[in-house]
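Notes to accompany the following structure.
The values are calculated or read from the model by the stated rules, or taken from the named source; none is laboratory data. Everything numeric here is computed off the predicted structure, so don't read it as measured data. Here Cβ is always computed from backbone atoms with ideal geometry, including for glycine, and neighbour counts include all displayed protein chains.
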Amino acid sequence: MNNTYRTIWISDLHLGSTQCQADVLLDFLKYNESESLYLVGDIIDFWSLSKKMYWPTDHNTVIQKLLRKARHGTKITYIPGNHDENIREYDDYVFGDITVKKTDVHTTADGKKLLVVHGDEYDTIAQCHKWIAKIGNDGYDFLLWVNRMIRSVRKILGIQSNFSLAAYVKFKVKNAVQFISDYEESIVNTLKDKHLDGVICGHIHHAEIKKIGGFLYINTGDFVESCTAVVEHSDGTLELIYWTMTELDTMKGSE
């Protein structure tokens with residue numbers, strides 16, 4: 001049975017990268033419908049595609065699934081990130097019923113005004129030292145590759161888990177924890193005097209819903225390690241969802 005929401009936000013799909021969990025993403029898109037759907041950046045990973053052409057069938061199926069949702073009435077807004085920043089020049093263009101916007105303001109059913117932005121604009125490393133960001137991205141990709149091997153072994157052993165090596169390392173490194181904290185503070189500080197109640201972003205692959213300085217800070221997470229999304233219920237309530245493959249589709253995949 002499908003879940004139906006007022007709004008869904010997903011980000012950091014990294015289609016075109018070997019790290020994208022397209023099977024889980026397709027499962028999520030299959031069982032979750034909404035009036036509005038925000039794609040909050042790093043949807044297509046042009047950084048990875050520039051190094052190696054990788055575009056398997058299920059990545060194409062994701063695009064087709066999104067276009068089908070748009071044709072059938074879902075209002076889809078695409079807010080590019082740093083890995084797909086070349087799409088930012090098409091601000092306000094409509095492609096296949098999907099609208100591109102650099103940023104947007106979403107009003108929830110209970111009247112909260114939320115800035116929707118990918119978030120790399122508030123990451124000093126991404127903005128000022130792109131070469132460092134790309135080196136860091138390569139190291140992160142390696143951790144995700146190792147994590148994928150671990151996940152495969154756990155699957156063979158019948159162990160169901162959302163364990164992420166990249167996330168584990170990230171939260172064991174003091175500087176990484178400080179970076180996340182600084183990022184959250186930086187992005188929330190921009191909301192002051194703008195008559196906004198909070199922000200929904202992605203970029204750092206760390207899903208979160210919390211209050212910072214009286215503002216809502218919401219991070220959608222990603223679909224490369226944690227497989228998370230943020231949803232708005234009909235009454236305006238916001239919820240963070242950790243998605244795993246449905247039991248039926250998992251059985252089908254093992255046949």
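A few remarks follow.
- Residues of the stretch 192-243 that are over 20 Å from residue 40 (Cα atoms), of a type outside the set (D, E, K, R) and either in contact with a strand residue (DSSP E or B) (Cβ under 6 Å, 6 or more places away or on another chain) or not in a strand (DSSP E or B) (or both): 195, 213, 214, 234.
- Among the residues of the stretch 106-127, those that are assigned to a loop (DSSP other than H, G, I, E, B), modelled with pLDDT of 95 or more and not basic (Lys, Arg) comprise 108, 109, 110, 111, 117, 118.
- So residue 79, is it at pLDDT 95 or above, of a type outside the set (S, T, N, Q) and surrounded by fewer than 18 Cβ atoms within 10 Å (Cβ to Cβ): no
- Test: residue in the stretch 55-62 that is buried (at least 18 other Cβ atoms within 10 Å of the Cβ) and over 29 Å from residue 245 (Cβ atoms): no
- Every condition in (1) closer than 13 Å to residue 44 by Cβ; (2) in a helix (DSSP H, G or I); (3) touching a helix residue (DSSP H, G or I) at 6+ places or on another chain (Cβ under 8 Å) is met by residue 87 except one, and the failing one is (3).
- Applying the criterion of being more than 14 Å from the chain's Cα centre (by Cα) and closer than 13 Å to residue 183 by Cα to the residues of the stretch 203-220, the residue that is modelled with the highest pLDDT is 217.
- If you go through the stretch 62-83 and keep only what is of a type in the set (Gly, Ala, Ser) and more than 12 Å from residue 94 (Cβ to Cβ), you end up with 73, 81.
- Top-ranked residue of the stretch 1-41 - restricted to ones that are in a strand (DSSP E or B) and hydroxyl-bearing (Ser, Thr, Tyr), ranked as nearest to the chain's Cα centre (by Cα): 38
- The numbered conditions (1) in a strand (DSSP E or B); (2) of a type in the set (A, V, I, L, M); (3) without any contact (Cβ under 8 Å) to a residue 12 or more places away in the chain are all true for residue 53 except (1).
- Residue, farthest from residue 25 (Cα to Cα), within the stretch 236-255, restricted to residues that are hydroxyl-bearing (Ser, Thr, Tyr) and at pLDDT 50 or above: 237
- Residues in the stretch 1-23 that are of a type in the set (Val, Ile, Thr) and modelled with pLDDT of 95 or more were compared, and the one that is farthest from residue 113 (Cα to Cα) is 4.
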